[in-house]
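Here's the structure, in structure tokens; my notes come after.
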Amino acid sequence: MDSFDFKMRKPEQVIASVMAKLKKHGKGIVLMHDFQQATSHAVPELLQQLKAGGYKIVHVKTKGMLTTLPQYDEALLKEQKLPTLNTKPTSSVVRDISGN
């Protein structure tokens, strides 16, 4: 289940949201984003509450090295349509303010 932690600004909100969703569903794998400040601050208390609630905490990891499909990589590059090399001169957007 998605915690939607990226929408929350306070650790207490993240904890309350995750615990409410787990209570509603009884179990689940929770998606969280470790680069969100509220999430990182919520984790210690959230882990305590999960353990106290009888939930099992597991570390999910791959069996081996991950590889991507070349066809998917190619399609993704086409979809992004990002130039890899910009030929526009930087003088049109960069200005020297030193007076030289």
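The values are calculated or read from the model by the stated rules, or taken from the named source; none is laboratory data. Bear in mind that the values here come from a model prediction, so they are computed numbers and not experimental data. Using ideal geometry, Cβ is built from the backbone for each residue, glycine included, and neighbour counts are taken over all protein chains shown. SASA here: full protein model, heavy atoms, side chains in, ligands and nucleic acids out. Shrake-Rupley method; radii C 1.70, N 1.55, O 1.52, S 1.80 Å.
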Original post:
Taking interchain pairs and intrachain pairs at least six residues apart, which have beta carbon atoms under 9 angstrom, with the first residue in the stretch 40-66 and under 24 Å from Met8 (Cα atoms) and the second among the aromatic types (Phe, Trp, Tyr) and at pLDDT 85 or above?
Top reply: Gln49/Tyr55
Subject >> Unique residue being more than 19 Å from the chain's Cα centre (by Cα) and surrounded by 10 or more Cβ atoms within 10 Å (Cβ to Cβ) when the list is Gln49, Gln71, Gln80 >> reply: Gln49
**OP:** Filter the stretch 7-43 for residues that are open to solvent by less than 80 Å² (accessible area, probe 1.4 Å), within 24 Å of Lys61 (Cβ to Cβ) and assigned to a helix (DSSP H, G or I) and give the result.
**Re:** Val14, Val18, Lys21, Leu22, Thr39, Ser40, Ala42, Val43
